[in-house]
1. With +1 on the Cβ of every Lys and Arg and -1 on the Cβ of every Asp and Glu, and nothing else charged, how large is the dipole of region 81-198 about its Cα centre, in debye rounded to the nearest 20?
2. Just to be sure I understand: with springs between alpha-carbon atoms less than 10 Å apart, which residue in 17, 107, 140 has the highest mean-square fluctuation in the Gaussian network model of the chain?
3. Quick one: accessible area per residue over the chain, 1.4 Å probe, rounded to a whole number of Å²?
4. Just to check I understand the Karplus step: with θ = phi - 60° and J = 6.51 cos²θ - 1.76 cosθ + 1.60, what whole-Hz values come out for region 48-63, glycine and proline as x?
5. Only helical DSSP H runs with n ≥ 4 go in: add -39500 (n - 2.57) per run for the chain, normalise by residue count and round the 222 nm mean residue ellipticity to 500 deg cm²/dmol.
6. State to the nearest 20 debye the size of the charge dipole of the chain about its Cα centre, where the only charges are +1 on K and R beta carbons and -1 on D and E beta carbons.
7. Given the protein chains as shown and a 1.4 Å probe, how many square angstrom of residue 55 are accessible, to the nearest 10?
8. Which aspartates and glutamates have a Cα lying under 19 Å from the Cα of residue 134, excluding residues fewer than 8 positions away in the same chain?
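The values are calculated or read from the model by the stated rules, or taken from the named source; none is laboratory data. Everything numeric here is computed off the predicted structure, so don't read it as measured data. Here Cβ is always computed from backbone atoms with ideal geometry, including for glycine, and neighbour counts include all displayed protein chains. Surface areas here come from the heavy atoms of the whole protein model, side chains and all, with no ligands, DNA or RNA. Shrake-Rupley method; radii C 1.70, N 1.55, O 1.52, S 1.80 Å.
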Amino acid sequence: MNNLLIHLTAMDWLHLLVYFLTLSLMAVGGAITAAPDMHRYLVDGNHWLTETQFTSSIAIAQAAPGPNVLFIALLGWNVGLNAGGGSGPQAWTLGALGVTISMVGILLPSSLLTWQASRWGQRNRDKRGVRAFKQGMAPLVIGLLLATGWLLGSASGQWQKDWKLWLLSLVCTLMVWRTRIHLLWLLGGGALLGALHWV
(Lines give C-alpha, C1' and ligand atoms only; values in the text may rest on other atoms or scores of the structure.)
Protein backbone atom coordinates (compact mmCIF):
# COMPACT_ATOMS: atom_id res chain seq x y z
CA MET A 1 0.00 0.00 0.00
CA ASN A 2 1.15 3.51 -0.72
CA ASN A 3 1.78 5.41 2.50
CA LEU A 4 1.28 9.10 3.08
CA LEU A 5 3.56 11.17 5.23
CA ILE A 6 1.35 13.12 7.62
CA HIS A 7 1.88 14.95 10.88
CA LEU A 8 -0.71 14.41 13.62
CA THR A 9 -0.81 16.56 16.74
CA ALA A 10 -2.26 15.43 20.06
CA MET A 11 -5.40 17.34 19.09
CA ASP A 12 -5.66 15.35 15.84
CA TRP A 13 -5.49 12.08 17.79
CA LEU A 14 -8.18 13.41 20.14
CA HIS A 15 -10.35 14.37 17.14
CA LEU A 16 -9.90 10.85 15.76
CA LEU A 17 -11.05 9.37 19.07
CA VAL A 18 -14.06 11.71 19.30
CA TYR A 19 -14.95 10.97 15.69
CA PHE A 20 -15.05 7.21 16.30
CA LEU A 21 -16.88 7.68 19.61
CA THR A 22 -19.66 9.59 17.86
CA LEU A 23 -19.66 7.33 14.81
CA SER A 24 -20.08 4.33 17.09
CA LEU A 25 -23.55 5.47 18.03
CA MET A 26 -24.56 5.97 14.39
CA ALA A 27 -23.22 2.66 13.01
CA VAL A 28 -26.60 0.94 12.96
CA GLY A 29 -26.20 -2.46 11.36
CA GLY A 30 -22.50 -2.77 12.16
CA ALA A 31 -19.39 -0.72 11.58
CA ILE A 32 -19.27 -1.52 7.87
CA THR A 33 -22.42 0.53 7.32
CA ALA A 34 -20.52 3.64 8.41
CA ALA A 35 -17.70 3.09 5.90
CA PRO A 36 -18.87 5.89 3.56
CA ASP A 37 -18.65 8.43 6.38
CA MET A 38 -15.24 7.06 7.45
CA HIS A 39 -14.09 7.52 3.86
CA ARG A 40 -15.35 11.10 3.90
CA TYR A 41 -13.51 11.82 7.16
CA LEU A 42 -10.23 9.92 6.73
CA VAL A 43 -9.63 10.12 2.97
CA ASP A 44 -11.52 13.11 1.59
CA GLY A 45 -11.65 15.41 4.62
CA ASN A 46 -8.38 15.01 6.51
CA HIS A 47 -6.27 13.19 3.90
CA TRP A 48 -4.90 10.84 6.55
CA LEU A 49 -5.34 7.77 4.32
CA THR A 50 -5.05 7.10 0.61
CA GLU A 51 -7.92 5.62 -1.37
CA THR A 52 -5.91 2.40 -1.70
CA GLN A 53 -5.25 2.16 2.04
CA PHE A 54 -8.94 2.65 2.79
CA THR A 55 -10.32 0.08 0.36
CA SER A 56 -7.53 -2.41 1.06
CA SER A 57 -8.19 -2.18 4.81
CA ILE A 58 -11.81 -3.12 4.25
CA ALA A 59 -10.99 -5.87 1.76
CA ILE A 60 -8.37 -7.49 4.00
CA ALA A 61 -10.58 -7.38 7.08
CA GLN A 62 -13.59 -8.77 5.22
CA ALA A 63 -11.52 -11.63 3.81
CA ALA A 64 -10.11 -12.54 7.23
CA PRO A 65 -12.13 -14.69 9.61
CA GLY A 66 -13.64 -12.93 12.57
CA PRO A 67 -15.77 -9.85 13.14
CA ASN A 68 -16.00 -7.34 10.31
CA VAL A 69 -15.14 -4.49 12.69
CA LEU A 70 -11.49 -5.44 12.18
CA PHE A 71 -11.29 -3.06 9.23
CA ILE A 72 -11.45 -0.17 11.69
CA ALA A 73 -8.34 -1.48 13.42
CA LEU A 74 -6.61 -1.53 10.02
CA LEU A 75 -7.76 2.02 9.29
CA GLY A 76 -6.32 3.15 12.65
CA TRP A 77 -3.13 1.18 11.98
CA ASN A 78 -2.67 2.86 8.61
CA VAL A 79 -3.30 6.34 10.05
CA GLY A 80 -0.60 5.62 12.64
CA LEU A 81 1.82 4.27 10.03
CA ASN A 82 1.31 7.38 7.92
CA ALA A 83 1.94 9.58 10.96
CA GLY A 84 5.08 7.64 11.83
CA GLY A 85 6.70 7.73 8.42
CA GLY A 86 5.56 4.36 7.08
CA SER A 87 7.93 1.90 8.79
CA GLY A 88 10.16 1.43 11.78
CA PRO A 89 9.55 1.47 15.53
CA GLN A 90 7.99 4.93 15.62
CA ALA A 91 5.51 4.02 12.86
CA TRP A 92 4.61 0.76 14.60
CA THR A 93 4.08 2.57 17.91
CA LEU A 94 1.85 5.16 16.27
CA GLY A 95 0.12 2.34 14.38
CA ALA A 96 -0.67 0.65 17.69
CA LEU A 97 -1.93 3.99 19.02
CA GLY A 98 -4.15 4.35 15.95
CA VAL A 99 -5.55 0.84 16.46
CA THR A 100 -6.25 1.52 20.15
CA ILE A 101 -7.91 4.89 19.55
CA SER A 102 -10.07 3.70 16.67
CA MET A 103 -11.16 0.44 18.32
CA VAL A 104 -11.92 1.97 21.73
CA GLY A 105 -13.78 4.77 19.98
CA ILE A 106 -15.92 2.51 17.79
CA LEU A 107 -16.58 -0.22 20.39
CA LEU A 108 -17.08 1.50 23.74
CA PRO A 109 -20.23 3.65 23.21
CA SER A 110 -22.08 1.14 21.03
CA SER A 111 -21.23 -1.76 23.34
CA LEU A 112 -22.52 0.08 26.41
CA LEU A 113 -25.63 1.26 24.56
CA THR A 114 -26.30 -2.23 23.16
CA TRP A 115 -25.92 -3.81 26.57
CA GLN A 116 -28.37 -1.38 28.16
CA ALA A 117 -30.82 -1.45 25.22
CA SER A 118 -30.84 -5.24 25.02
CA ARG A 119 -31.62 -5.50 28.73
CA TRP A 120 -34.44 -2.97 28.33
CA GLY A 121 -35.68 -4.57 25.10
CA GLN A 122 -35.78 -8.02 26.69
CA ARG A 123 -37.90 -6.70 29.54
CA ASN A 124 -40.25 -4.90 27.11
CA ARG A 125 -40.17 -7.25 24.10
CA ASP A 126 -43.95 -7.60 23.96
CA LYS A 127 -44.63 -3.88 23.60
CA ARG A 128 -45.76 -2.73 20.17
CA GLY A 129 -43.24 0.14 20.06
CA VAL A 130 -40.30 -2.23 20.62
CA ARG A 131 -41.49 -4.58 17.87
CA ALA A 132 -42.05 -1.65 15.49
CA PHE A 133 -38.57 -0.29 16.18
CA LYS A 134 -36.98 -3.66 15.36
CA GLN A 135 -38.93 -3.93 12.10
CA GLY A 136 -38.15 -0.34 11.13
CA MET A 137 -34.41 -0.83 11.48
CA ALA A 138 -34.20 -3.41 8.65
CA PRO A 139 -34.65 -0.93 5.74
CA LEU A 140 -32.17 1.47 7.34
CA VAL A 141 -29.50 -1.21 7.65
CA ILE A 142 -30.08 -2.35 4.06
CA GLY A 143 -29.72 1.23 2.82
CA LEU A 144 -26.47 1.71 4.73
CA LEU A 145 -25.08 -1.55 3.34
CA LEU A 146 -26.01 -0.47 -0.20
CA ALA A 147 -24.18 2.84 0.34
CA THR A 148 -21.09 0.92 1.48
CA GLY A 149 -21.31 -1.38 -1.54
CA TRP A 150 -21.57 1.64 -3.82
CA LEU A 151 -18.50 3.25 -2.23
CA LEU A 152 -16.38 0.10 -2.52
CA GLY A 153 -17.60 -0.70 -6.03
CA SER A 154 -16.73 2.73 -7.39
CA ALA A 155 -13.41 3.11 -5.56
CA SER A 156 -11.24 3.19 -8.68
CA GLY A 157 -13.35 5.88 -10.34
CA GLN A 158 -12.88 4.21 -13.74
CA TRP A 159 -16.41 3.39 -14.92
CA GLN A 160 -15.14 1.87 -18.16
CA LYS A 161 -13.25 -0.73 -16.14
CA ASP A 162 -15.64 -1.10 -13.19
CA TRP A 163 -18.58 -2.49 -15.20
CA LYS A 164 -17.18 -6.01 -14.72
CA LEU A 165 -17.06 -5.49 -10.97
CA TRP A 166 -20.64 -4.20 -10.92
CA LEU A 167 -21.81 -7.13 -13.06
CA LEU A 168 -20.10 -9.58 -10.72
CA SER A 169 -21.72 -7.87 -7.73
CA LEU A 170 -25.14 -8.13 -9.34
CA VAL A 171 -24.66 -11.82 -10.21
CA CYS A 172 -23.49 -12.61 -6.65
CA THR A 173 -26.43 -10.69 -5.17
CA LEU A 174 -28.88 -12.65 -7.31
CA MET A 175 -27.19 -15.95 -6.46
CA VAL A 176 -27.34 -15.25 -2.72
CA TRP A 177 -30.97 -14.20 -3.02
CA ARG A 178 -32.23 -16.99 -5.27
CA THR A 179 -30.02 -20.02 -4.47
CA ARG A 180 -28.64 -21.80 -1.45
CA ILE A 181 -25.02 -21.62 -2.60
CA HIS A 182 -22.58 -21.16 0.25
CA LEU A 183 -20.97 -17.71 0.43
CA LEU A 184 -17.47 -19.21 0.54
CA TRP A 185 -17.96 -20.47 -3.02
CA LEU A 186 -18.78 -16.95 -4.14
CA LEU A 187 -15.77 -15.53 -2.28
CA GLY A 188 -13.54 -18.15 -3.86
CA GLY A 189 -14.96 -17.44 -7.31
CA GLY A 190 -14.43 -13.71 -6.85
CA ALA A 191 -10.85 -14.30 -5.70
CA LEU A 192 -10.19 -16.49 -8.74
CA LEU A 193 -11.63 -13.89 -11.12
CA GLY A 194 -9.49 -11.22 -9.45
CA ALA A 195 -6.35 -13.37 -9.63
CA LEU A 196 -6.98 -13.92 -13.36
CA HIS A 197 -7.45 -10.12 -13.76
CA TRP A 198 -10.97 -10.59 -15.15
CA VAL A 199 -12.35 -8.09 -12.67
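1. For this selection, approximately 720 debye.
2. 140
3. 62
4. Along region 48-63, the couplings run 8, 9, 7, 4, 5, 4, 5, 5, 5, 4, 5, 4, 5, 5, 6, 6 Hz.
5. One gets -24500 deg cm²/dmol as the mean residue ellipticity at 222 nm.
6. 1040
7. It works out to around 40 Å².
8. Output for residue 134: 126.
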